[in-house]
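Below is one structure, written out as structure tokens, with a few remarks after it.
Computed from the coordinates by the stated procedures, all read-outs in this text should not be read as laboratory data. Every value quoted in this text rests on a predicted model; they were computed, and no experiment measured them. Virtual Cβ from ideal backbone geometry, glycine too; neighbours counted across all protein chains shown.
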Amino acid sequence: MPLDTRTGTASDPDHDELRRLEAGLDSLQAVPEPPRGAFRRTLDGVVPPILLLITLVAAWQAYIVIAKPRPDLIPGPFDVFGALVSAWSSERLQLAVLTSLERGGLGFLIAVAIGTPIGLLLAECRPVRRALGPLLSGLQVLPSVAWVPAAIIWFGLTDATVYFVVLMGAVPSIANGLVSGVDQIPPQLRRVGTVLGASRVQMATLVVLPAALPGYFSGLKQGWAFAWRSLMAAEIIAMGGTMGFGLGSMLQQSRELADLSGVLATILVILFVGILVELVVFAPIERRLLRRRGLMAAGLR
């Protein structure tokens, strides 16, 4: 690191603090990792959920056999599976999944593009944070389904209604997650950036944002969860017009037909898609991020 000629040796304490910080991170990253193949890691991640699923389905079927409840009130697992097969055969299931994934993915990306600069602004500008911070926290607590009636009045029964509700659900979580990550940044990093002459923009983009990645990523995960929940709420309530056929619409149609097997089948699909996105998209990125930061225990790798 070059010596700051304007301050002579005055920046040496900053250099020492940075070296100590880097040494601490290196020691964390040096935790020995037991040799585990990709197949073993896959088994460790897949087998426990499958065993739990088998246990739950077996208990469900045992209750159906022993208690013999009314099928229209408590259908058995084979009835629900039959509803899934029927929806797949008619291609309604594929259409609903693709429509909801397209809406959820696009809405989430737009929420990231909006929530990230808002979060940086709140984290770096205290007057803005004092003014907008409570409002953003309130929006995060507000159930996004409350926006559906207003969105229908403003945008009608169109996809714009769905995207608006998704944004109102996801943006506050993403912004607040970034603010939380920035608050956890060690002050030494900011001091080093100041010593090296970083401008406010450089400080935010080259120092603050990379250092806040763990908290920011947690906000992204929560933002996706809120986006998916908001999407389902909007699709259930807003039907007709130029609205496409999503999983929420499929769930509502089954409810109108008093088809509890179809309702439970759709709920399981919604749950499966949410878990799949978590395992395929977010979990690998999170493991890689935490491993690079030395924040993941060896046994969890």
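What is the extension gain from Gln94 to Phe245, computed as 0.36 nm multiplied by their sequence separation minus the C-alpha to C-alpha distance, in nm to one decimal?
Values: separation 151, 0.36 × 151 = 54.36 nm, distance 1.02 nm.
That pair, Gln94 and Phe245, stretches by 53.3 nm at full extension.
Given charges of +1 on the Cβ of Lys and Arg and -1 on the Cβ of Asp and Glu, with all other atoms neutral, how large is the dipole of the stretch 76-300 about its Cα centre, in debye to the nearest 20?
1240
If you take the charge dipole of the stretch 76-300 about its Cα centre, with +1 on Lys and Arg Cβ and -1 on Asp and Glu Cβ, which of Gln94, Ser254, Gly215 is farthest toward its positive end?
Farthest towards the positive pole: Gly215.
For the stretch 160-301, compute Rh as the Kirkwood radius over C-alpha pairs and then the Stokes-Einstein diffusion coefficient at 25 °C and 0.890 mPa s; write the answer in µm²/s, rounded to an integer.
The Stokes-Einstein estimate is 138 µm²/s.
Among 89-97, 118-126, 167-175, how do they line up by average Cβ neighbours within 10 Å per residue, starting with the highest?
167-175, 118-126, 89-97
What number comes out for the charge environment of Ala234, summing +1 per Lys or Arg and -1 per Asp or Glu over other residues with Cβ under 13 Å away? All intermediate terms of the calculation are to be shown ahead of the outcome.
Numbers: positive: Arg103, Arg229; negative: Asp159, Glu235.
That works out to 0.
I want the local charge near Val148. Using Cβ-Cβ distances under 15 Å, sum +1 for each Lys or Arg and -1 for each Asp or Glu among the other residues.
Every neighbour counted, the sum reads 0.
Expressed as a rounded percentage, what relative contact order does the stretch 76-300 have, with Cα pairs under 8 Å and six or more residues apart?
Details: 251 pairs, mean separation 60.7, N = 225.
Relative contact order comes out at 27 percent.
Mind checking which of Met203, Pro284, Leu271 is farthest towards the positive end of the stretch 76-300's charge dipole, using Cβ charges of +1 (Lys, Arg) and -1 (Asp, Glu) about the Cα centre?
The residue sitting most towards the positive pole is Met203.
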